Structures are given as C-alpha cells and as structure tokens.
Amino acid sequence: MIWLFLALLILLILLRSPIAVALGLPALVWLFLNDISLGITTQRIYGTLNNSVLLAVPMFLLAGRLMNLLQVTDKIFDFAMAIVGHIRGGLGHVVVVTSMIFSAMSGSAAADAVGVGTITVKAARERGYDPEFAAAITLSASTLAPIIPPSIIMIIYGATANVSIGRLFIGGIVPGIIFASLLLIAVSIIARRRQYPLMGQFSFRRLFTTLRKAFLVLLTPVIIIGGIFFGFFTPTEAATIAVLYILLLGMWYRTLTWRGMYREFVNAGSTVGVLMLVVGISGLDGWVFTREQLPVLFMNGVSGMVSEPWAILLVLLAVILVLGMFMDATPIILMVAPVMMPIVASAGIDPVHFGVLFCMTCVVGLITPPVGVALYGVASVSKLPMERIFWATIPFFLSLIGGMIFLVFVPSAVTFAPNLFLN
C-alpha cells in the first residue's frame, strides 16, 4: 500500500500540483483504502502545528521582507564594497560578503537572492562585468542564507527531526564561512581568467564611512546570534526581537512607511499560511510513513547498499540533492527527515552534522532547474534567461558540492562550535 502512496505522490509532483495537494491527496487515499476515519487528519495536522518552535518561522520570514522594504541592502553593499571591492573581480567578492551579512538577518535564500540581486546585476553592467557572472554569483551566494544563522529551514528541520535549533544555528557558522570562502576562491579564478577590472584602491576612510552608515544594520546578526549564544533568549524569541529591531531601524532611517509595513505583514502572513498548511499536512504523511514502517524499509535498503557512516551520508545527501531539483526545501525536510533520522541514528551520525548538510543540500536545489525558487528570483530581477544564468553558475555549483563533500569527511567542522559552547 505504501508504494501506491509514493507513486501517487511522485505523479502529483511531476504534474506540478500544489505541494499541499501533492502531500495531502495520497494520504487521504491511503486512509480511505485502509478504512481509517478521516478524523485522524485534523488530529495529526493540529498536533504537528502545535509546536512553539514553529513560531520563529513567520517572524524570521517577516524580518527578511522588512530588510528588503527598508532598503538596508544598499548600506550593506557599500560596506562590502569598501572591504573587498578593490580586489580583481571585486564585485563578485562584494556579492559574497553582502550575502553573508544579509544571510545573518533574513534566513531565506529567496529573500537574499532578490534583495542582493536587485543591486548587483545593475552594478555589474555599470562596471563592465558580464551580467551573467553577477547573476550567477548572486544566485550561488544566496545559498548561504539557510546555513548562516538564523535559518528558516533549520528551524523547520529542527522541529521535524527533534534537533536543538540553537545547536543547528551555531553549527552552521563555520560551514557558512567555508562555503563563502570557496565561492570567493571561484570568483578570484574566474576574474583572473577574464581579466575583470580593478575598482580603485583600498581606503580606510571609505571603510569607516560605510561602516558608520551600516553600523546599526550590522548589529542585527550580533543581537540575534549573540542573544541565542549567551542564552538571553531562545531562537523563537530571537525572531521576534529581530523584527522589532528592524522596525526600529526603519524609523531611524526614515524608510519605514505604514503602507509598506502593512503590505509586508500581509505578504508574510500569506506565505506563512501556505507554509504552515504544508507543514501540517506533512504531519499526516509522517504518521502514514510510520504506520507503513517506511523508515525501516528505507533503512534496510540503504544498509544493504553501504555500511560506512560516510558512505551512508553520501547516499542520503544524493537522494536529497535529486529531490531538491524538483521540490522546495520545506517539503523535502517534512517528507524525508522523519524517514532518514532512524538511519542517521543507527549509523552513529551526529544529528546536527546531518542537519546542516541536509539543509545545505536542499538549498543547492534552489539554484538548479527545473524547480529553483532562487533561480527564478534572480532571473526576474536580472531580466536574463534562466538557462544563461544556470550555465554561468556551474563553477560555483561545483564549489558548493566540493564544500559539502569536505564536511561529510570532516564532521568536526560542524559539531565543534555547538559542542564547545552549548554543552
């Protein structure tokens, strides 16, 4: 019976049905065929959503939208330009640094891609760069958002897999720096080969000027991560504090309008409504998977293929990567994490290590066709065909894959900070 469920699920996904329908309809068919009361649906949906951790999701989503509304990306971009703009291919370096800073505020790859891309592609054309290069590095750097805390999909993963959100956040810091470094190396190689122009000399005066203008904005990640790190508040409370602080920034910079704030609150509410519907329905799917012992079947299948923890990890990540090419990160987490966690536990893999890699692998799917939310976003703001952007992204895509393979074999790069500071 479980194979009928999975076949119907895959068919609906391939037919591009709304994800809530693709997840919910097979479960209803399964209940009907097994003569189980449909009343279980409301029970499982409510039970899944009755989780205080999920309160952080709408707040961080709103925070990312407000950052774009308040036009603070310009200040971050100018500050990054003062730091690395003088290096050959400086615009590419600036995009990565800007994305790192913006990631520590928005927690969303799509918000990062649109917020940063709106500035960088225009700047690229003005400075003699290929617009495809600017769009490609913007798209690739947006993958840092769900790794560098705070991260919306880490919250969803933690709630689904019962893993500490705080440990996931702290565990994502070093990998985020590693991935950013690999992107910077790729930018340097491409810039030297194409002889991209130098953009002036480094200036301490410009650095301090841009730092002064961006200082209050740069305090946002310090408040969020510092508060969680020192135990002043939980990740859920940190999300609310981030929104309040960003609203204060809007009043300070006089870029906050009642109309704009109302629009972003409504848009965030609509997005969260859809997201929570998917999260709730996934709870019903998880219950069906458990009844049909799908985690046990999947575990036996993987164990029959490989036995070493690193090999098991590579197989699981390969499955996630393929799914990421067709689905958004959230439904992948909600569908696959409950099935994979028993395998992770039996193989002795640290759940935080797996969680960070899981989230990163999901996000890489956002930059690949045929279903890439961030890819569509960058194509929209850059007004370039998706095919041209994707081919320009290949060197950065390979850099990200290389970083993930490194983390598979060096788990301490993920687990060191959480074990040191949160034990």
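The values are calculated or read from the model by the stated rules, or taken from the named source; none is laboratory data. Since the structure is predicted, the reported quantities are computational estimates derived from the model, not experimental observations. Backbone-built Cβ (ideal geometry, glycine too); neighbour counts: all protein chains shown. Quick note on the areas: whole protein, heavy atoms, side chains included, nothing else; ligands and nucleic acids left out. Shrake-Rupley method; radii C 1.70, N 1.55, O 1.52, S 1.80 Å.
Taking the C-alpha atoms only, the angle from helix 351-364 to the longest principal axis of the chain is near 70 degrees.
For the chain, the longest principal axis of the C-alpha atoms and the axis of helix 258-291 are separated by about 30°. Computed from the Cβ-Cβ distance with R0 of 22 Å, the FRET efficiency linking F204 to R254 stands at 0.15. The stretch between N419 and L247 holds 58.5 nm of extra length on full extension. This uses 0.36 nm per residue minus the Cα-Cα distance. Per residue, the chain exposes an accessible area of 43 Å² to a 1.4 Å probe, with every protein chain left in place.
Can you compute the FRET efficiency between V266 and T42 using 1/(1 + (r/R0)^6), with r the Cβ-Cβ distance and R0 = 41 Å? Round to the nearest 0.05. After rounding, the FRET efficiency stands at 0.95. Have a look at L375, L384, L33 and tell me which one the Gaussian network model of the chain (Cα, springs below 10 Å) gives the largest fluctuation. Comparing L375, L384, L33 in the GNM, the peak value goes to L33. Under 1.5 on a/c is rounded, so check that first for the range 12-70, then, if it is not, pick prolate when a/b is larger than b/c and oblate when it is not; a ≥ b ≥ c are the square roots of the alpha carbon gyration tensor eigenvalues. Oblate is the answer for the range 12-70, as a/c is 1.5 or above yet b/c matches or exceeds a/b.
Packing here is the average count of other Cβ atoms within 10 Å per residue, and on that basis the peptides 185-196, 217-228, highest first, run 217-228, 185-196.
Normalised by the residues of the chain, what does the relative contact order come to in percent, with Cα pairs under 8 Å and at least six apart?
25
Between F230 and M325, the simple label model (points 7 Å from Cα in the Cβ direction) yields a spacing of 4.7 nm. For the chain, give the percent of accessible area contributed by carbon and sulfur heavy atoms, probe 1.4 Å, rounded to a whole number. Carbon-and-sulfur percentage of accessible area, whole number: 67. Note on mean projected area of the Cα convex hull in nm²: of the candidates [x] 23.1; [y] 27.8; [z] 20.5, the value calculated from this structure sits at [z].
Could you calculate the contour length gain from V306 to R212, that is, 0.36 nm times the residue separation minus the distance between their Cα atoms, to one decimal place in nm?
So the chain would gain 28.4 nm between V306 and R212.
Quick one: helix 39-49 against the long Cα principal axis of the chain, what's the angle to the nearest 10°, folded into 0 to 90? Long axis of 39-49 versus the principal axis of the chain: about 30 degrees.
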